[in-house]
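One structure is given below, encoded as structure tokens.
Where a number appears in this text, it was derived from the coordinates with a stated rule and is not lab data. Quick caveat: nothing in here was measured; it's all calculated off a predicted structure. Here the Cβ positions follow ideal geometry from the backbone for every residue, glycine too, while neighbour counts run over all protein chains shown.
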Amino acid sequence: MAHTLLLWDLGNVLVRVDPVRACLAATGGDWRAAATLVDAVVDSPAHDAFESGRLDAPGFHRALLEAGLIHLDYPAFAHLWTDMFTLDEAALALLATVARHRRCWLLSNTDPLHYPWITGRWPIGDHLAGATLSFQVGARKPDAAIFRAALAAAGVAPAAAAFIDDRPAHIDAARALGIDAVVYTGAPELKQWLEAAGDLSE
């Protein structure tokens, strides 16, 4: 049965994320050190606070400095932190197609540096009826609160919505609330799933 609302993840669905590439600038080109830095930053309490809206961008930068994870001034850090995305053109084209038939909504763990950087470069927002962002609502996937916030903002019941995300844990969280969900592995596979659900026709 076709869905009323399609909830789309951002990172590794509509845009590809390569934080190791971004962190090479902070580690002198050492890939192993860059990967270690990424893990340390992503797993840090400061990152959780940043994506949950409890830290602003300067506060996040300051927390990473104090933890000894980076040694960059704020402008250099802000450039590094945003230099990790490329557009998934096939996914964006599919979003544009789906949006002609169904309401599409962004549901993303993101922050006040990443989100404007991405949406300022690519016309993702042109195809969205709205967005629920972790740093604005104070909750991150897989927390049920962020899904409930998106459904409430869109005015849609769980059973009428579908969710597209690259992480199985997030998919499981959506399904636990009664939202139909699919793991994103690529635009061709997602197109088949949407066609089977009836989301690509009126």
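Only bridges with both residues in the chain count here: give the DSSP antiparallel percent, nearest 5.
Bridges in the chain that DSSP calls antiparallel: roughly 15 percent.
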Item to complete: Throw me the Rg/Rh for region 95-202, computed over C-alpha atoms with Kirkwood Rh, two decimals.
Response: 0.94
Worksheet entry | Rough spin-label spacing in nm, given labels placed 7 Å along Cα→Cβ, for residue 21 and residue 90 | 1.7 nm
Item to complete: Would you mind calculating the gained length between residue 30 and residue 83 on full extension (0.36 nm times residue separation, minus the Cα-Cα distance), in nm to one decimal?
Response: 17.4 nm
Practice prompt. Between residue 157 and residue 129, take the C-beta separation as r, use R0 = 22 Å, and let me know the FRET efficiency to the nearest 0.05.
Written response: 0.90
Item to complete: Give me Rg over Rh for region 19-82, both radii from the alpha carbons and Rh done the Kirkwood way, two decimal places.
Response: 0.94
Worksheet item: Could you give the length gained on full extension between residue 43 and residue 73, defined as 0.36 nm per residue of separation minus the Cα-Cα distance, in nm?
Response: 8.7 nm
Discussion item. Around residue 60, under 15 Å between beta carbons, what's the net of Lys plus Arg minus Asp minus Glu among the other residues?
Written reply: -4
Item to complete: Normalising by the residue count of the chain, find the relative contact order in percent from Cα pairs under 8 Å and 6+ residues apart.
Response: 29 percent
Worksheet entry | Crossing angle, helix 187-197 versus the chain [Cα axis fit, 0-90 degrees, rounded to tens] | 30 degrees
Discussion item. If you take every residue apart from residue 130 with its C-beta less than 14 Å away from the C-beta of residue 130, what net charge results, scoring Lys and Arg +1 and Asp and Glu -1?
Written reply: +1
Worksheet item: Counting Lys and Arg as +1 and Asp and Glu as -1, what is the net charge of the other residues whose Cβ lies under 12 Å from the Cβ of residue 15?
Response: -3
Practice prompt. Could you state the angle between the C-alpha long axis of helix 89-98 and the longest principal axis of the C-alpha atoms of the chain, as a value from 0 to 90 degrees rounded to the nearest 10?
Written response: 30 degrees
Worksheet item: Can you give the angle from 0 to 90° between the axis of helix 144-154 and the longest principal axis of the chain, with both taken from C-alpha atoms, to the nearest 10?
Response: 60 degrees
